[in-house]
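Worksheet: the structure to be examined is printed underneath.
The values are calculated or read from the model by the stated rules, or taken from the named source; none is laboratory data. Treat the numbers as computed from the prediction; the structure is a model and nothing was measured. Cβ placement follows ideal geometry from the backbone for every residue including glycine, while neighbour counts extend to all protein chains displayed.
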Amino acid sequence: MLRHLIIIGAIVFLGGATVAAAEGDESPSRYSDKVLGLKTPEQLPSRPTPLFELWQDYVNQGPYEYEFEFPTGMVVSPGLLLYGNLSTGLQITDNGVDQTKSEWVSTLDMFVNVTFSGTERFLIGMSPLKRQNGKKTRFELSPDYSFKNENNARISVAFFEGEISEMFPKIDMEGRLPLDYEIAIGRQPVLSQGGVLINDTMDSIAITRSTVPIKGTNFARIGGLFAWNNVNRSNNIDDDDGLLYALFSSVEVAHSNIDIDLAYVDSSDAIGDQFNVAATFIKPIIMFEHDVDTTIRIASSFTPDGETAQATDGTMLYTSFSWAPKKTVDLIYLNAFAANNDYAPAARAAGGPLGITGLLFAPNGLGGAAIGNAAKHTYGGALGYQMFFSPKLRRNLIFEIGGKVDNTTGGIDR
(Lines give C-alpha, C1' and ligand atoms only; values in the text may rest on other atoms or scores of the structure.)
Protein backbone atom coordinates (compact mmCIF):
# COMPACT_ATOMS: atom_id res chain seq x y z
CA MET A 1 0.00 0.00 0.00
CA LEU A 2 2.75 2.48 0.92
CA ARG A 3 4.59 1.76 -2.34
CA HIS A 4 1.41 2.52 -4.27
CA LEU A 5 0.97 5.79 -2.38
CA ILE A 6 4.49 6.91 -3.25
CA ILE A 7 3.99 6.07 -6.94
CA ILE A 8 0.65 7.89 -7.07
CA GLY A 9 2.15 10.88 -5.28
CA ALA A 10 5.01 11.11 -7.78
CA ILE A 11 2.58 10.93 -10.73
CA VAL A 12 0.38 13.66 -9.28
CA PHE A 13 3.38 15.85 -8.49
CA LEU A 14 4.98 15.52 -11.90
CA GLY A 15 1.61 15.91 -13.61
CA GLY A 16 1.01 19.17 -11.81
CA ALA A 17 4.47 20.37 -12.75
CA THR A 18 3.94 19.54 -16.44
CA VAL A 19 0.70 21.48 -16.63
CA ALA A 20 2.44 24.46 -15.09
CA ALA A 21 5.46 24.61 -17.36
CA ALA A 22 6.77 28.21 -17.38
CA GLU A 23 4.17 30.38 -18.98
CA GLY A 24 5.91 33.65 -18.18
CA ASP A 25 3.78 36.71 -17.62
CA GLU A 26 0.62 34.87 -18.72
CA SER A 27 0.71 32.41 -15.83
CA PRO A 28 -2.42 32.76 -13.64
CA SER A 29 -0.25 31.96 -10.63
CA ARG A 30 1.85 35.09 -11.15
CA TYR A 31 1.27 38.01 -8.80
CA SER A 32 -0.54 40.85 -10.55
CA ASP A 33 1.15 44.23 -11.11
CA LYS A 34 -2.19 46.00 -10.76
CA VAL A 35 -2.48 48.19 -7.68
CA LEU A 36 -5.70 47.20 -5.91
CA GLY A 37 -5.58 49.67 -3.02
CA LEU A 38 -7.32 49.35 0.32
CA LYS A 39 -10.88 48.12 0.56
CA THR A 40 -13.57 50.47 1.80
CA PRO A 41 -15.65 49.51 4.86
CA GLU A 42 -18.52 48.62 2.52
CA GLN A 43 -16.31 46.12 0.65
CA LEU A 44 -15.24 44.26 3.77
CA PRO A 45 -17.07 41.02 4.63
CA SER A 46 -19.62 41.16 7.41
CA ARG A 47 -18.27 40.12 10.79
CA PRO A 48 -19.32 36.80 12.36
CA THR A 49 -22.02 37.42 14.95
CA PRO A 50 -21.70 35.46 18.23
CA LEU A 51 -24.69 33.92 19.99
CA PHE A 52 -24.42 36.67 22.61
CA GLU A 53 -22.03 39.59 23.13
CA LEU A 54 -21.66 42.37 25.65
CA TRP A 55 -19.57 45.57 25.83
CA GLN A 56 -16.84 45.73 23.17
CA ASP A 57 -18.09 44.20 19.91
CA TYR A 58 -16.34 41.16 18.49
CA VAL A 59 -14.06 42.07 15.50
CA ASN A 60 -16.10 45.15 14.69
CA GLN A 61 -14.93 48.36 13.02
CA GLY A 62 -14.37 51.62 14.83
CA PRO A 63 -12.64 52.78 18.02
CA TYR A 64 -12.46 50.79 21.23
CA GLU A 65 -15.26 51.43 23.69
CA TYR A 66 -15.85 51.09 27.45
CA GLU A 67 -12.19 51.83 28.15
CA PHE A 68 -10.79 52.32 31.62
CA GLU A 69 -7.35 52.01 33.20
CA PHE A 70 -6.09 49.69 35.94
CA PRO A 71 -3.66 51.00 38.58
CA THR A 72 -0.93 49.03 36.78
CA GLY A 73 -1.39 51.26 33.73
CA MET A 74 -3.16 48.58 31.69
CA VAL A 75 -5.93 50.01 29.51
CA VAL A 76 -8.94 47.69 29.48
CA SER A 77 -11.71 47.53 26.91
CA PRO A 78 -13.82 44.58 28.12
CA GLY A 79 -15.80 42.35 25.83
CA LEU A 80 -17.83 39.21 26.48
CA LEU A 81 -19.07 36.76 23.91
CA LEU A 82 -20.77 33.39 23.91
CA TYR A 83 -20.09 30.91 21.11
CA GLY A 84 -20.01 27.19 20.54
CA ASN A 85 -19.81 24.25 18.20
CA LEU A 86 -22.49 21.58 17.74
CA SER A 87 -21.61 18.36 15.94
CA THR A 88 -24.16 15.64 15.25
CA GLY A 89 -24.36 12.83 12.76
CA LEU A 90 -24.99 9.20 11.93
CA GLN A 91 -22.04 6.84 11.95
CA ILE A 92 -21.73 3.16 11.11
CA THR A 93 -18.79 1.10 12.37
CA ASP A 94 -17.78 -2.25 10.90
CA ASN A 95 -14.34 -3.34 12.08
CA GLY A 96 -14.61 -6.84 10.64
CA VAL A 97 -14.61 -8.46 14.09
CA ASP A 98 -17.52 -7.17 16.17
CA GLN A 99 -21.12 -6.70 15.10
CA THR A 100 -21.77 -3.72 12.86
CA LYS A 101 -22.80 -0.76 15.01
CA SER A 102 -24.87 2.19 13.89
CA GLU A 103 -25.58 5.18 16.11
CA TRP A 104 -26.49 8.85 16.04
CA VAL A 105 -23.87 10.78 18.02
CA SER A 106 -23.98 14.39 19.22
CA THR A 107 -21.53 16.64 21.00
CA LEU A 108 -21.70 20.30 22.00
CA ASP A 109 -18.90 22.65 23.08
CA MET A 110 -19.93 25.99 24.60
CA PHE A 111 -17.54 28.82 25.51
CA VAL A 112 -17.69 32.18 27.27
CA ASN A 113 -14.77 34.40 26.28
CA VAL A 114 -14.06 37.55 28.31
CA THR A 115 -11.45 39.82 26.71
CA PHE A 116 -9.74 42.64 28.59
CA SER A 117 -7.48 43.81 25.76
CA GLY A 118 -5.93 42.42 22.61
CA THR A 119 -3.66 40.09 24.59
CA GLU A 120 -5.51 39.34 27.83
CA ARG A 121 -8.56 37.15 28.14
CA PHE A 122 -10.36 34.57 30.29
CA LEU A 123 -12.01 31.58 28.62
CA ILE A 124 -14.37 29.08 30.23
CA GLY A 125 -15.97 26.19 28.38
CA MET A 126 -18.21 23.17 28.88
CA SER A 127 -18.98 20.03 26.88
CA PRO A 128 -22.40 19.08 28.29
CA LEU A 129 -22.92 16.10 25.97
CA LYS A 130 -19.53 14.45 26.52
CA ARG A 131 -17.81 12.77 29.46
CA GLN A 132 -14.20 13.34 30.42
CA ASN A 133 -13.33 9.85 29.12
CA GLY A 134 -14.62 10.83 25.68
CA LYS A 135 -17.99 9.04 25.70
CA LYS A 136 -20.65 11.09 23.88
CA THR A 137 -24.44 11.25 24.10
CA ARG A 138 -25.90 8.98 21.41
CA PHE A 139 -28.81 6.93 20.12
CA GLU A 140 -27.68 3.38 19.41
CA LEU A 141 -29.69 2.05 16.46
CA SER A 142 -28.06 -1.36 16.06
CA PRO A 143 -27.36 -4.02 17.15
CA ASP A 144 -29.33 -2.71 20.17
CA TYR A 145 -31.76 0.18 20.21
CA SER A 146 -31.04 2.40 23.22
CA PHE A 147 -30.21 5.93 24.34
CA LYS A 148 -26.90 6.60 26.09
CA ASN A 149 -27.05 9.78 28.15
CA GLU A 150 -23.59 11.22 28.80
CA ASN A 151 -24.81 14.66 29.92
CA ASN A 152 -22.70 16.38 32.55
CA ALA A 153 -21.80 19.82 33.87
CA ARG A 154 -18.02 19.42 33.96
CA ILE A 155 -15.90 22.46 33.11
CA SER A 156 -13.78 21.35 30.15
CA VAL A 157 -11.74 24.56 29.75
CA ALA A 158 -11.06 27.45 32.13
CA PHE A 159 -7.90 29.53 31.83
CA PHE A 160 -6.48 33.05 31.78
CA GLU A 161 -3.76 34.23 29.44
CA GLY A 162 -1.97 37.54 29.13
CA GLU A 163 1.30 39.34 28.49
CA ILE A 164 3.35 40.82 31.33
CA SER A 165 4.35 43.99 29.46
CA GLU A 166 0.69 44.70 28.62
CA MET A 167 -0.65 43.99 32.10
CA PHE A 168 2.02 46.06 33.87
CA PRO A 169 3.08 48.78 31.41
CA LYS A 170 4.12 51.18 34.19
CA ILE A 171 7.12 48.98 34.88
CA ASP A 172 8.61 50.06 31.56
CA MET A 173 6.64 52.82 29.86
CA GLU A 174 9.39 53.36 27.26
CA GLY A 175 9.44 49.70 26.23
CA ARG A 176 13.16 49.18 26.74
CA LEU A 177 13.12 46.18 29.09
CA PRO A 178 12.80 42.55 27.88
CA LEU A 179 9.35 41.98 29.36
CA ASP A 180 7.78 40.08 26.46
CA TYR A 181 6.62 37.21 28.65
CA GLU A 182 3.26 35.51 28.14
CA ILE A 183 1.57 33.62 30.94
CA ALA A 184 -1.33 31.17 30.79
CA ILE A 185 -2.80 29.37 33.78
CA GLY A 186 -5.78 27.08 34.27
CA ARG A 187 -7.37 24.15 32.46
CA GLN A 188 -6.05 24.82 28.99
CA PRO A 189 -5.43 22.92 25.73
CA VAL A 190 -1.75 22.23 25.04
CA LEU A 191 -0.46 21.25 21.60
CA SER A 192 3.20 20.46 20.92
CA GLN A 193 4.84 19.17 17.75
CA GLY A 194 1.51 19.11 15.94
CA GLY A 195 0.15 16.74 18.57
CA VAL A 196 2.95 14.19 18.21
CA LEU A 197 4.39 15.12 21.62
CA ILE A 198 1.40 16.62 23.51
CA ASN A 199 -2.26 17.03 22.57
CA ASP A 200 -4.21 17.35 25.80
CA THR A 201 -6.24 19.71 27.98
CA MET A 202 -4.54 19.90 31.38
CA ASP A 203 -4.59 21.97 34.55
CA SER A 204 -1.31 23.76 33.99
CA ILE A 205 0.70 26.95 34.00
CA ALA A 206 2.87 28.07 31.09
CA ILE A 207 5.32 30.94 30.78
CA THR A 208 6.71 31.90 27.36
CA ARG A 209 9.36 34.36 26.22
CA SER A 210 8.30 35.14 22.66
CA THR A 211 11.11 37.41 21.47
CA VAL A 212 14.44 35.89 22.41
CA PRO A 213 17.27 37.86 20.74
CA ILE A 214 19.62 35.36 19.09
CA LYS A 215 22.11 36.63 16.54
CA GLY A 216 21.49 35.37 13.02
CA THR A 217 17.85 34.45 13.62
CA ASN A 218 14.62 36.17 12.62
CA PHE A 219 12.64 34.92 15.58
CA ALA A 220 13.12 32.75 18.64
CA ARG A 221 10.78 31.61 21.40
CA ILE A 222 11.20 29.54 24.55
CA GLY A 223 8.62 28.46 27.09
CA GLY A 224 8.07 26.19 30.04
CA LEU A 225 4.99 24.34 31.25
CA PHE A 226 3.99 22.50 34.42
CA ALA A 227 0.78 20.42 34.53
CA TRP A 228 -0.54 18.96 37.78
CA ASN A 229 -3.94 17.51 36.83
CA ASN A 230 -5.79 15.89 33.90
CA VAL A 231 -2.58 14.50 32.39
CA ASN A 232 -3.86 11.81 30.02
CA ARG A 233 -1.26 9.21 29.12
CA SER A 234 -0.79 7.41 25.81
CA ASN A 235 -3.87 5.24 26.47
CA ASN A 236 -6.01 8.42 26.71
CA ILE A 237 -6.75 7.75 30.40
CA ASP A 238 -6.20 10.37 33.12
CA ASP A 239 -3.12 9.67 35.23
CA ASP A 240 -4.19 10.67 38.74
CA ASP A 241 -0.55 10.72 39.90
CA GLY A 242 0.92 12.27 36.77
CA LEU A 243 2.87 15.54 36.84
CA LEU A 244 4.12 16.86 33.51
CA TYR A 245 7.11 19.17 33.02
CA ALA A 246 7.84 20.51 29.54
CA LEU A 247 10.22 22.88 27.79
CA PHE A 248 9.35 24.25 24.34
CA SER A 249 11.61 26.16 21.95
CA SER A 250 11.32 27.50 18.41
CA VAL A 251 13.66 29.44 16.16
CA GLU A 252 13.35 30.84 12.64
CA VAL A 253 16.65 30.90 10.76
CA ALA A 254 17.70 30.67 7.10
CA HIS A 255 14.08 30.60 5.88
CA SER A 256 13.43 27.57 8.10
CA ASN A 257 11.65 26.86 11.37
CA ILE A 258 13.21 24.54 13.92
CA ASP A 259 11.29 23.41 17.01
CA ILE A 260 12.81 21.33 19.81
CA ASP A 261 10.59 20.27 22.73
CA LEU A 262 11.20 18.19 25.85
CA ALA A 263 8.71 16.66 28.28
CA TYR A 264 8.92 14.53 31.42
CA VAL A 265 5.99 12.82 33.13
CA ASP A 266 6.49 11.93 36.79
CA SER A 267 4.05 9.27 37.97
CA SER A 268 3.62 6.26 40.25
CA ASP A 269 5.66 3.08 39.89
CA ALA A 270 2.65 1.20 38.53
CA ILE A 271 2.02 3.67 35.71
CA GLY A 272 5.63 4.68 35.11
CA ASP A 273 7.69 7.78 34.40
CA GLN A 274 8.45 8.82 30.83
CA PHE A 275 10.81 11.22 29.07
CA ASN A 276 10.03 12.56 25.59
CA VAL A 277 12.06 14.57 23.13
CA ALA A 278 10.85 15.79 19.74
CA ALA A 279 12.15 18.01 16.95
CA THR A 280 10.56 19.56 13.86
CA PHE A 281 12.16 21.05 10.76
CA ILE A 282 9.95 23.13 8.44
CA LYS A 283 11.22 24.67 5.20
CA PRO A 284 9.72 25.65 1.83
CA ILE A 285 11.66 24.36 -1.17
CA ILE A 286 11.31 24.87 -4.94
CA MET A 287 10.78 21.68 -6.96
CA PHE A 288 9.64 21.58 -10.60
CA GLU A 289 8.62 25.25 -10.35
CA HIS A 290 6.43 24.49 -7.34
CA ASP A 291 6.80 25.93 -3.86
CA VAL A 292 6.70 22.77 -1.74
CA ASP A 293 6.16 23.07 2.00
CA THR A 294 8.18 20.37 3.74
CA THR A 295 7.89 19.24 7.35
CA ILE A 296 10.01 16.62 9.09
CA ARG A 297 9.24 15.52 12.64
CA ILE A 298 11.03 13.00 14.82
CA ALA A 299 10.01 12.07 18.34
CA SER A 300 11.18 9.52 20.90
CA SER A 301 9.88 8.28 24.23
CA PHE A 302 12.05 6.74 26.95
CA THR A 303 11.15 5.02 30.22
CA PRO A 304 13.83 5.44 32.91
CA ASP A 305 12.34 2.74 35.15
CA GLY A 306 11.15 0.21 32.60
CA GLU A 307 8.10 -0.03 30.37
CA THR A 308 4.51 -0.25 31.58
CA ALA A 309 1.15 -0.26 29.81
CA GLN A 310 1.18 3.57 29.78
CA ALA A 311 4.91 4.33 29.46
CA THR A 312 6.85 2.77 26.57
CA ASP A 313 10.02 3.19 24.53
CA GLY A 314 9.87 4.07 20.86
CA THR A 315 10.69 6.47 18.04
CA MET A 316 8.44 7.97 15.39
CA LEU A 317 9.38 9.71 12.12
CA TYR A 318 6.88 11.81 10.17
CA THR A 319 7.29 13.69 6.89
CA SER A 320 4.89 15.96 5.02
CA PHE A 321 5.05 17.52 1.56
CA SER A 322 2.35 19.86 0.25
CA TRP A 323 2.04 22.15 -2.75
CA ALA A 324 -0.55 24.04 -4.80
CA PRO A 325 -0.97 22.88 -8.42
CA LYS A 326 -0.52 25.72 -10.89
CA LYS A 327 -3.66 27.44 -12.19
CA THR A 328 -5.55 26.42 -9.03
CA VAL A 329 -5.98 27.42 -5.40
CA ASP A 330 -6.12 23.75 -4.41
CA LEU A 331 -3.66 21.78 -2.29
CA ILE A 332 -1.97 18.42 -2.72
CA TYR A 333 -0.33 16.75 0.27
CA LEU A 334 1.72 13.59 0.68
CA ASN A 335 2.41 12.48 4.26
CA ALA A 336 4.32 9.43 5.46
CA PHE A 337 5.35 7.96 8.81
CA ALA A 338 7.30 5.14 10.40
CA ALA A 339 7.47 4.01 14.03
CA ASN A 340 10.05 1.79 15.68
CA ASN A 341 9.02 -0.04 18.85
CA ASP A 342 6.12 1.59 20.73
CA TYR A 343 6.30 5.38 20.69
CA ALA A 344 4.10 7.00 23.37
CA PRO A 345 3.26 10.73 23.47
CA ALA A 346 3.76 12.50 26.78
CA ALA A 347 0.07 13.44 27.05
CA ARG A 348 -2.81 12.64 24.73
CA ALA A 349 -6.52 13.19 25.38
CA ALA A 350 -7.81 11.17 22.41
CA GLY A 351 -6.40 8.96 19.68
CA GLY A 352 -2.74 8.48 18.88
CA PRO A 353 0.17 10.50 17.44
CA LEU A 354 -0.44 9.32 13.87
CA GLY A 355 -3.62 11.40 13.74
CA ILE A 356 -1.53 14.15 12.15
CA THR A 357 -1.17 12.06 8.96
CA GLY A 358 -4.57 12.81 7.44
CA LEU A 359 -8.34 12.49 7.62
CA LEU A 360 -8.22 8.69 7.60
CA PHE A 361 -6.02 8.68 10.70
CA ALA A 362 -7.79 11.43 12.67
CA PRO A 363 -11.04 11.20 14.66
CA ASN A 364 -13.83 13.38 13.28
CA GLY A 365 -15.00 14.63 16.68
CA LEU A 366 -17.85 12.12 16.86
CA GLY A 367 -16.19 8.76 16.24
CA GLY A 368 -12.78 7.17 16.04
CA ALA A 369 -10.33 7.14 13.16
CA ALA A 370 -10.84 4.91 10.12
CA ILE A 371 -7.21 3.74 10.40
CA GLY A 372 -5.65 3.16 13.80
CA ASN A 373 -3.29 5.96 14.83
CA ALA A 374 -1.05 4.28 17.41
CA ALA A 375 2.68 4.49 16.58
CA LYS A 376 3.82 0.93 17.30
CA HIS A 377 5.92 -1.10 14.83
CA THR A 378 4.27 0.44 11.82
CA TYR A 379 4.68 2.54 8.69
CA GLY A 380 2.32 4.08 6.17
CA GLY A 381 1.06 7.33 4.74
CA ALA A 382 -1.68 9.33 3.07
CA LEU A 383 -2.10 11.21 -0.20
CA GLY A 384 -4.77 13.89 -0.43
CA TYR A 385 -6.18 16.55 -2.74
CA GLN A 386 -8.02 19.50 -1.18
CA MET A 387 -10.28 21.63 -3.38
CA PHE A 388 -11.42 25.09 -2.29
CA PHE A 389 -14.71 26.65 -3.37
CA SER A 390 -16.68 29.92 -3.08
CA PRO A 391 -15.20 33.42 -3.56
CA LYS A 392 -13.85 33.47 0.00
CA LEU A 393 -12.56 29.87 -0.16
CA ARG A 394 -14.52 28.95 2.95
CA ARG A 395 -15.76 25.64 1.52
CA ASN A 396 -13.53 22.75 0.61
CA LEU A 397 -13.66 19.12 -0.44
CA ILE A 398 -10.90 16.63 0.33
CA PHE A 399 -10.15 13.34 -1.43
CA GLU A 400 -7.69 11.13 0.42
CA ILE A 401 -6.26 7.63 0.18
CA GLY A 402 -4.05 6.14 2.84
CA GLY A 403 -2.66 2.96 4.26
CA LYS A 404 -0.85 1.52 7.25
CA VAL A 405 1.29 -1.59 7.65
CA ASP A 406 0.96 -2.97 11.19
CA ASN A 407 3.93 -5.15 12.17
CA THR A 408 2.72 -5.90 15.70
CA THR A 409 1.78 -9.46 16.63
CA GLY A 410 -1.64 -10.10 15.15
CA GLY A 411 -1.71 -6.63 13.61
CA ILE A 412 -3.98 -5.92 10.65
CA ASP A 413 -2.81 -3.85 7.68
CA ARG A 414 -5.20 -1.15 6.53
Subject >> Members of the stretch 371-408 found to be free of Cβ contacts under 8 Å to residues at least 12 places away in the same chain and either in a loop (DSSP other than H, G, I, E, B) or not aliphatic (A, V, I, L, M) (or both), listed by number >> reply: PHE389, SER390, PRO391, ARG394, ARG395, ASN396
**OP:** Please find, among LEU360, LEU354, the residue that is within 21 Å of the chain's Cα centre (by Cα), without any contact (Cβ under 8 Å) to a residue 60 or more places away in the chain, closer than 21 Å to THR315 by Cα and not in a strand (DSSP E or B).
**Re:** LEU354
Original post:
Considering only strands (runs of 3 or more DSSP E) fully contained in the stretch 158-261, which possess at least 1 residues that are polar (S, T, N, Q), at pLDDT below 95 and touching a Leu at 6+ places or on another chain (Cβ under 7 Å)?
Top reply: 198-209
Original post:
Does ASN335 satisfy the condition of being modelled with pLDDT of 90 or more, closer than 30 Å to GLU307 by Cβ and surrounded by fewer than 17 Cβ atoms within 10 Å (Cβ to Cβ)?
Top reply: no
Original post:
Any chance the stretch 317-326 includes a residue that's surrounded by fewer than 16 Cβ atoms within 10 Å (Cβ to Cβ) and farther than 16 Å from GLY195 by Cβ?
Top reply: no
Subject >> Selection from the stretch 379-402 of residues that are touching a Lys or Arg at 6+ places or on another chain (Cβ under 6 Å) and either buried (at least 17 other Cβ atoms within 10 Å of the Cβ) or of a type outside the set (Phe, Trp, Tyr) (or both) >> reply: GLY380
Original post:
Is there a residue in the stretch 306-318 that is under 30 Å from ALA270 (Cα atoms), in contact (Cβ under 8 Å) with a residue 40 or more places away in the chain and among the β-branched types (Val, Ile, Thr)?
Top reply: yes
**OP:** Output the strands (runs of 3 or more DSSP E) that fall wholly within the stretch 40-115 and possess 2 or more residues being in contact with a Leu (Cβ under 8 Å, 6 or more places away or on another chain) and hydroxyl-bearing (Ser, Thr, Tyr), or say none.
**Re:** 79-93, 101-115
**OP:** For LEU366, state whether it is assigned to a loop (DSSP other than H, G, I, E, B), hydrophobic (A, V, I, L, M, F, W, C) and at pLDDT below 95.
**Re:** yes
Original post:
Taking the condition in contact (Cβ under 8 Å) with a residue 12 or more places away in the chain and among the aliphatic types (A, V, I, L, M), does LEU225 pass?
Top reply: yes
